[in-house]
Amino acid sequence: MIRKAKSTDIMDIMKIIKETIIEMHSYGNTQWDEDYPQEKDFLDDIQKGDLYVCEREGSLVGFTCINKIEPAEYTGLPWSTKEPAMIVHRMAVAPRHRRSGIGTELMKFANEFALKNNVRYLKTDTYSINAKMNALFVKCGYKWIGEMSFRGKEKPFYCYEKVLNIAE
């Protein structure tokens, strides 16, 4: 089940973040670290109503932020349309729950959420060496559109888009 996050979810969210950072760093992915994302980022997402969590059997197992806030770095990239977009940010699935369809479920939720809000265009990005997220975006029908420098990281971030069909 996917629902809006509440402030009482923050401990579970930060536990997933800590586990995810350890795993990312184990294969050289420094996309997330002690500086980003922080608890305040998620509390801000919750306050704005932009953070959604996925639960399985009463446990929080994943989350994503969906809003219309585009990073300034998206400017100048060859997006296929100029129409308003929903942006998928800060998505993670608890490592012990990976490979069970939760990431795909969260991405499908983003599609449905966008369409419910009369938006048929989604954008997202991830660190170029984040093989798991890059593969998930492609699996979910996103098209690679370019790369950007972001957050002072040494490698580029890959940017993706998806134009939704009304029937999706």
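Quick notes on this structure:
- Convex hull volume per residue, computed on the Cα atoms of segment 53-142, equals 105 Å³.
- Protection proxy ranking, peptides 13-20, 84-91, average beta carbon neighbours within 10 Å, highest first: 84-91, 13-20
- Straight-distance candidates among the aspartates and glutamates for linking to residue 48, with alpha-carbon spacing under 16 Å and chain neighbours fewer than 8 residues away dropped: 9, 39, 70.
- Mean separation of Cα pairs under 8 Å and 6 or more residues apart, divided by the residue count, gives the chain a relative contact order of 21 percent.
- Label selected from [x] 23; [y] 20; [z] 42, the criterion being percent of Cα pairs over 27 Å apart as computed here: [y]
- The simple spin-label model puts a point 7 Å past each Cα toward its Cβ; for residue 48 and residue 15 those points are separated by 2.7 nm.
- FRET efficiency for the pair residue 98 and residue 75, taken as 1/(1 + (r/R0)^6) with r the Cβ-Cβ distance and R0 = 30 Å, rounds to 0.35.
- The stretch between residue 144 and residue 1, if pulled fully straight at 0.36 nm per residue, gains 48.6 nm over its current Cα-Cα span.
Here, each number is a calculation from the coordinates, and none is a lab measurement. Just so it is clear, the structure is predicted and the values come from calculations on it, not from any experiment. Because the Cβ atoms are built from the backbone with ideal geometry, glycine has one as well, and the counts that use them run over all protein chains shown.
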